[in-house]
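First up is the structure itself, then whatever we jot down about it.
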Amino acid sequence: MSTLPDPQAFLDQFTLFLGFDWASDHHDVIAVDGAGRIRLDRSFQDDAEGWGQLRRSLLELAPLGAGQVAVAVETCNGPAVERLLEMGCAVYPLNPNAARQYRGRKRPSGAKSDRLDAWSFADALRTDGQGWKRLLADDPLTQELRLLCRDEVKLIEQRTALVLQLRAALHEYYPAAMQAFEDWVSPNAWAFIERFPTPERLIRAGRRQWEKFLHTHPFSRPEHYARRLEIFARAQEFCGS
């Protein structure tokens with residue numbers, strides 16, 4: 001027979017119950033004690049100084065690393081969660097549906113505000129947290145893999161943004177390049193722009209330089225070789241009057 005979670009034991013386990021509302025550039029936090037009294041209410045920037053301020057504020061109220069600070073946050077991963085775990089906090093992630101319900105306790109309309117979210121999460125953790133699942137820190141290799149995956153996603157997003165900017169510029173100023181190449185993620189296509197940055201430079205370079213470039217930077221579809229040479233020869237026509 002399973003034992004139901006003991007609310008009082010959960011309350012006794014922690015000194016502070018922290019509600020954490022995160023954003024890309026700043027975070028809002030409210031901490032309450034076991035009686036529901038607000039002991040900390042602040043917003044801080046997502047940088048080294050801001051996290052240092054949060055650490056110092058918490059240390060004035062409870063010893064970090066001793067498992068006395070519990071945190072409710074509406075996510076289960078990301079830099080903010082990793083920093084909270086590193087600080088020694090017990091992290092309890094909320095899914096969006098649960099977060100919406102707890103938010104409604106403090107404001108029946110369900111309207112969202114950062115401070116309201118932080119307060120509702122903190123108080124919900126205090127009263128209901130005994131039934132929540134605590135997030136456990138990953139082993140170092142898993143943490144490293146998660147960081148690498150997150151960085152890869154950011155790099156892909158940056159690359160996509162740069163490619164879109166390049167395509168827009170080429171469409172306006174260098175349509176021959178757009179006609180000649182389809183895959184602008186390919187390093188060879190970028191190399192073409194570096195070697196022949198304008199239609200005028202491409203025309204002045206001449207056929208021998210074009211052929212040399214195509215041989216030096218082979219593309220996946222060599223059957224387009226002749227078509228590309230034809231487009232190069234008419235590069236200035238694509239620019240219009």
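The listed peptides 199-212, 5-18, ordered by packing as a protection proxy, come out as 5-18, 199-212 (highest mean of other Cβ atoms within 10 Å first).
For segment 44-127, the Cα-based Rg and Dmax, in that order, read 13.3, 38 Å.
Using a 1.4 Å probe on the protein chains only, how many percent of the accessible area of segment 1-93 belongs to carbon and sulfur? Working shown, then result.
Numbers: 2210 of 4550 Å².
That share works out to 48 percent.
Counting only Cα atoms, the size of the chain along its three principal axes is 82, 39, 39 Å, in decreasing order.
Working from Cα pairs under 8 Å separated by at least six residues, relative contact order for the chain is 17 percent. Taking the C-alpha atoms only, the angle from helix 140-173 to the longest principal axis of the chain is near 40 degrees.
For residue 91, nonlocal amide neighbours, meaning residues 5 or more places apart or on other chains whose placed amide H falls under 5 Å from its own, are 71, 135. Sequence-ordered 3J(HN,Hα) estimates for segment 90-104 from the Karplus curve with 6.51, -1.76 and 1.60 and θ = phi - 60° stand at 8, 9, 10, x, 10, 7, x, 5, 5, 4, 5, 5, 5, 4, x Hz, glycine and proline given as x. Packing order of peptides 186-194, 88-96, 63-71, 116-124, highest average first: 116-124, 88-96, 63-71, 186-194 (average count of other Cβ atoms within 10 Å over each peptide's residues). Relative contact order of segment 26-95: 23 percent, from C-alpha pairs under 8 Å at least 6 residues apart in sequence.
Applied to segment 13-23, the Karplus parametrisation 6.51 cos²θ - 1.76 cosθ + 1.60 on θ = phi - 60° returns per-residue 3J(HN,Hα) values of 6, 10, 8, 10, 10, 9, x, 10, 9, 9, 9 Hz, with x for Gly and Pro. Computed from backbone phi, the HN-Hα couplings of segment 75-84 come to 5, 10, 8, x, x, 5, 5, 4, 5, 5 Hz, rounded to whole numbers (Karplus: 6.51 cos²θ - 1.76 cosθ + 1.60, θ = phi - 60°; Gly and Pro given as x). In terms of the mean number of neighbouring beta-carbon atoms within 10 Å, the peptides 29-38, 46-55 order highest first as 29-38, 46-55.
Could you report the chain's accessible area per residue, 1.4 Å probe, as an integer in Å²?
Numbers: 14200 Å² over 241 residues.
I get 59 Å² per residue for the chain.
The values are calculated or read from the model by the stated rules, or taken from the named source; none is laboratory data. Keep in mind it's a predicted model, so treat the numbers as computed, not measured. Because the Cβ atoms are built from the backbone with ideal geometry, glycine has one as well, and the counts that use them run over all protein chains shown. Note: areas computed on protein heavy atoms with side chains; ligands, DNA, RNA excluded. Shrake-Rupley method; radii C 1.70, N 1.55, O 1.52, S 1.80 Å.
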